[in-house]
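These notes concern the structure reproduced below.
The values are calculated or read from the model by the stated rules, or taken from the named source; none is laboratory data. Source: prediction; values computed, not measured. As a convention, Cβ positions derive from the backbone with ideal geometry for all residues, glycine included, and neighbour counts pool all protein chains shown. Heavy atoms of the whole protein, side chains included, go into the accessibility calculation; ligands, DNA and RNA do not. Shrake-Rupley method; radii C 1.70, N 1.55, O 1.52, S 1.80 Å.
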Amino acid sequence: MAKLTHFDKQGRAKMVDVSQKAETVREAIVRGSISMKPATFKSILFGKVAKGDVFAVARVAGIMAAKKTADIIPMCHPLNLAQVAIEFFPYEKESRIDIEATVKIKAQTGVEMEGFVAVAAAGLTIYDMCKAIDRGMVISNIHLVKKSGGKSGTYLDRRGQRA
C-alpha cells in the first residue's frame, strides 16, 4: 500500500514539502459529466438559457476555479498554472454533456486537483445556470483520465474514453 504523504508520523495533516522535487512539465486531464432532461440539453445547445451562454460561463468558471484550488483544498500548493483548458462534449442521445479539463504546469508538484476542481466548478455552473428549468440535473463520474510528469510517471485511465 502506498504511503500517505499528507500525514506526519503522528497522523496529523501536513502539507507535503516539495522543495527537493525536480521541476518538470506536468499535465492532468480530468473528465466528468452532467446529465439532464432532453429539453434542458437542447436549451443549452441552442443558446436558449435565460442566464446566457452556458458553455462560455462554465468554461470561465472552470478556469477560475482551477486557479483557486489551493484556497479550496487545504493541502494543495498554490500554483502558477501555465494552462487551463475546458472543453464540452454534448451527447444528445443521453442528454449528457461531458466536461474535460486539461491543466498544465512546469513545477515540483502535479495538477490533478486543479483539474478536478475545474470540472466540478464547470458542472456546478451549468447546474446553476439551468436550475430554473431542470433541478434534476446530475453531475457525475468526475475522474482522472491522464496524468503525466513527475517521479510517478504517466497514469492513463482507459475506462475514461469518450463515447
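Remarks
- The listed peptides 56-63, 151-158, ordered by packing as a protection proxy, come out as 56-63, 151-158 (highest mean of other Cβ atoms within 10 Å first).
- Label-point separation in nm, residue 94 to residue 21, each point 7 Å along Cα→Cβ: 3.2
- At most 10 other Cβ within 10 Å, DSSP loop - chymotrypsin sites (Phe, Trp or Tyr not before Pro), region 1-106: 46
- Peptides 69-79, 97-107, 12-22, 121-131 ranked from most to least packed give 97-107, 121-131, 69-79, 12-22, packing being the mean of other C-beta atoms within 10 angstrom over each peptide's residues.
- Per-atom-type breakdown for region 103-162 gives carbon and sulfur 51% of the accessible area (1.4 Å probe, protein chains only).
- Per residue, the chain exposes 59 Å² of solvent-accessible protein surface, assessed with a 1.4 angstrom probe and all protein chains in place.
- Theoretical FRET efficiency, 1/(1+(r/R0)^6), r = Cβ-Cβ of residue 56 and residue 8, R0 35 Å, to 0.05: 0.20
- Dmax and Rg, reported as Rg then Dmax, of the chain (C-alpha, Å): 17.4, 55
- MRE, 222 nm, helices only [DSSP H, n ≥ 4, -39500 (n - 2.57), over the chain, to nearest 500]: -8500 deg cm²/dmol
- The radius of gyration of the Cα set in region 58-153, together with its Dmax, comes out at 14.2, 47 angstrom.
- Using θ = phi - 60° and Karplus 6.51 cos²θ - 1.76 cosθ + 1.60, couplings along region 51-66 (whole Hz; Gly, Pro as x): 7, x, 6, 4, 5, 5, 5, 5, 4, 5, 4, x, 5, 4, 5, 4
- Under Karplus coefficients 6.51, -1.76 and 1.60, residue-wise ³J(HN,Hα) of region 73-84 in Hz, glycine/proline x: 9, x, 9, 6, 7, x, 10, 9, 5, 7, 7, 9
- Out-of-range pairs (alpha-carbon distance over 22 Å; input 37/93; 106/151; 42/93; 9/106; 48/93; 48/104): 9/106; 48/104
- Dipole of the chain [Lys/Arg +1, Asp/Glu -1 at C-beta], most positive-end residue of 20, 123, 39: 20
- In Hz, Karplus ³J(HN,Hα) per residue of region 134-146 (6.51, -1.76, 1.60; θ = phi - 60°; x = Gly, Pro): 7, 7, x, 4, 10, 8, 8, 6, 6, 8, 6, 9, 8
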